[in-house]
1. What do you get for Rg/Rh over the stretch 210-325 if you use C-alpha atoms and the Kirkwood form of Rh?
2. I need 182, 274 ordered by Cβ neighbour count within 10 Å, fewest first.
3. Kirkwood Rh over Cα pairs of the stretch 175-247 into Stokes-Einstein at 25 °C, 0.890 mPa s: D in µm²/s?
4. Between the stretch 297-333 and the stretch 339-376, how far is it from one alpha carbon centroid to the other, in angstrom?
5. Between residue 85 and residue 167, what is 0.36 nm times their sequence separation minus the Cα-Cα distance? Round to one decimal in nm.
6. Given points 7 Å out from each Cα along the Cα-Cβ axis, report the residue 45 to residue 314 separation in nanometres with one decimal.
7. Provide 362, 92, 225 in ascending order of the number of other Cβ atoms located within 10 Å of each residue's Cβ, fewest first.
8. How much length would be gained if the chain were fully extended between residue 242 and residue 213, taking 0.36 nm per residue of separation minus their Cα-Cα distance, in nm to one decimal?
């Protein structure tokens with residue numbers, strides 16, 4: 001058979017009609033998960049929860065939970081409709097079929113604090129392999145903030161009444177998280193889970209200690225925090241560790257003592273002005289801190305605020321812009337809670353909830369790295385989590401071997417998908433003749449990114465994130481053989 005890369009490739013678009021569609025992007029995503037050795041990490045680190053041999057191992061069930069979150073199963077029950085009988089996908093993780101929702105519920109309910117610690121260890125193994133702090137020589141910025149997850153019902157373990165925006169009187173949990181803003185989102189570094197009445201600032205020391213345990217502080221450019229963390233004792237602790245920080249004064253009233261008529265404000269935007277006070281004393285702090293005043297136009301008139309920092313080599317306007325980058329972690333919480341379904345807690349036991357959130361945040365990181373390493377240089381790399389679900393999950397491709405080459409039939413259901421397919425075909429027509437797919441050459445020593453991209457991009461090209469279930473067995477074997485051969489040579 002001729003080499004795939006030298007064959008003629010033709011494309012055809014077909015309007016879909018009553019065809020059961022696969023969860024499209026799961027094929028290359030599961031391939032990516034396999035290349036990262038996630039199944040091996042789970043098997044070697046996670047303690048089995050069952051005492052006797054049963055149909056599914058803890059590894060099988062843990063991988064199913066990860067894949068279900070990635071496929072948009074916001075409730076465990078959705079596993080039965082979205083993943084059940086998707087044998088083409090399940091065989092990629094070496095199981096005959098995905099377990100049902102009751103099996104996954106039993107897994108989460110059987111988890112203990114030991115399993116929570118083991119899931120954290122798996123997270124760090126993945127992070128060391130792909131995380132930006134380990135893959136880049138540049139310094140990182142770390143965001144620390146808190147968010148709440150409210151619950152309905154009285155049987156959620158350790159749930160307490162707390163502050164949940166727009167949900168007064170609700171009970172739930174408080175998540176305090178550290179993340180790294182990057183390419184298309186935020187990589188989770190670490191998080192803590194507490195009752196809803198525990199303030200995020202009370203867990204700051206635990207978060208910071210964990211970060212410094214895993215990351216050399218010389219790699220940290222600065223730590224960025226919400227105003228909840230902007231009080232004297234906490235700032236003194238950061239300075240003692242010789243770290244840079246940006247936060248807001250805990251109370252906007254703090255800035256009033258610096259306001260006077262002689263201030264010459266500098267424009268930041270149409271609604272925001274700033275002024276650099278310089279080093280000044282702040283309440284309950286042993287150290288002088290740089291203060292940048294803010295004057296904002298709001299609906300009710302003028303609002304004053306103050307940014308606190310120990311960064312001295314940036315202009316006041318730059319400090320304001322650097323602090324505004326904190327919106328990344330707010331978008332991170334919103335996307336994970338809504339798109340990945342982390343606000344829909346699947347069990348009521350505390351350790352089970354904690355474990356579920358570790359699975360969810362691992363998926364967040366996996367999807368970010370998947371876009372960075374696999375979808376790079378394709379029209380797909382700019383898609384957010386929501387677009388991956390809403391645009392790609394109802395698409396697939398038939399690829400047919402013909403005498404003169406290959407024919408790829410793209411099936412679409414909406415006009416948005418049609419536009420996306422047009423862009424993809426245009427990109428494919430430009431890329432394939434240039435031989436990007438073929439690693440070629442004498443130098444086979446590629447970077448991690450090169451290995452992942454060379455090995456998995458082929459999946460993406462053949463199916464535009466489609467399902468190999470629709471290929472003939474002979475075609476699938478020839479494709480997979482070619483992939484294995486390519487990977488073995490790298």
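Throughout, read-outs are computed from the coordinates displayed, never taken from laboratory work. Keep in mind that what you see is a predicted model, and the values were worked out from it rather than measured. Neighbour counts run over all protein chains shown; Cβ positions are idealised from the backbone, glycine included.
1. Details: Rg = 14.5 Å, Rh = 14.8 Å.
Rg divided by Rh gives 0.98.
2. Working: 182 19, 274 23.
If I rank by nearby Cβ atoms, fewest first, I get 182, 274.
3. On the way: Rh = 13.0 Å.
So the translational diffusion coefficient is about 189 µm²/s.
4. Each part's Cα centre sits 29 Å from the other's.
5. On the way: separation 82, 0.36 × 82 = 29.52 nm, distance 3.91 nm.
Taking residue 85 through residue 167 to full extension adds about 25.6 nm, to one decimal.
6. Label-label distance for residue 45 and residue 314, simple model: 3.2 nm.
7. Working: 362 24, 92 20, 225 28.
Fewest-to-most Cβ neighbours within 10 Å comes out as 92, 362, 225.
8. On the way: separation 29, 0.36 × 29 = 10.44 nm, distance 1.49 nm.
So the chain would gain 8.9 nm between residue 242 and residue 213.
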